[in-house]
1. So if R0 is 41 Å, what FRET efficiency would residue 69 and residue 6 give, r being the distance between their Cβ atoms, rounded to the nearest 0.05?
2. Mind checking Rg over Rh on region 1-75, alpha carbons, Kirkwood formula for Rh?
3. Looking only at region 19-40, which residues have a backbone nitrogen under 13 Å from a spot 7 Å from the Cα of residue 123 in the C-beta direction?
4. Limiting things to C-alpha atoms, what are the Rg and the maximum Cα-Cα separation (Dmax) for the chain, in angstroms?
5. Quick one: if you take sqrt(5λ) for each eigenvalue of the C-alpha gyration tensor of region 40-91, what semi-axes come out, biggest first, whole angstrom?
6. For the chain, what is the calculated [θ] at 222 nm in deg cm²/dmol (nearest 500), taking -39500 (n - 2.57) for each run of four or more DSSP H residues and dividing by its residue count?
7. Could I get the Rg over Rh figure for region 82-157? Both from C-alpha atoms, Rh via Kirkwood, rounded to two places.
8. Just need the relative contact order of the chain here, percent rounded to a whole number, with Cα pairs under 8 Å and 6+ apart.
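Read-outs throughout are calculated quantities, based only on the coordinates presented, and are distinct from any laboratory measurement. As the structure is a prediction and not an experimental result, all values here were calculated from the model. Note that we place each Cβ from the backbone using ideal geometry, even for glycine, and neighbour counts take in every protein chain shown.
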């Protein structure tokens, strides 16, 4: 039987530290890649969260970890979040605790919403916006599998 009390109380729950990303408890962001309920945590089935899954921040902790490597001397940010639309079989929202902020797309400075107004999520490389979504194509001449993006847009100078 799942341990709901432990599951719904991740380590940073309700903590709202001022943080270098400027995020607030209640903000909605999108998962880059992460696994929920790892190793059957609290009795819930382990699942991989699809990229771009919408999540709500429920706890933020600004740390001093790795501050010596940050150009501004600020440490890593750890967050707790719950999925907006994804639930466990018993109806509780899928919750992830004590995750590095880089598990969310919005932590990456190259992250950008599509400039055509579609709301698609993607990243900027040089002067090109590229969607995260796409498919894997054939191997190139070096044996690497090519990733073909659904949409790319040349950004204006």
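1. Values: r = 33 Å, r/R0 = 0.80.
With R0 = 41 Å, the Cβ-Cβ based efficiency is 0.80.
2. Values: Rg = 14.7 Å, Rh = 14.3 Å.
Over the Cα atoms of region 1-75, Rg/Rh equals 1.03.
3. Hits in region 19-40 for residue 123 at 13 Å: 32-33.
4. 17.9, 57
5. Values: eigenvalues 180, 30, 21 Å².
Here the semi-axes work out to 30, 12, 10 Å.
6. Working: 1 runs with 4 residues, N = 157.
That comes out to -500 deg cm²/dmol.
7. Details: Rg = 16.6 Å, Rh = 15.2 Å.
Dividing the radius of gyration by the Kirkwood radius yields 1.09.
8. Details: 316 pairs, mean separation 27.2, N = 157.
Over the chain, the number comes to 17 percent.
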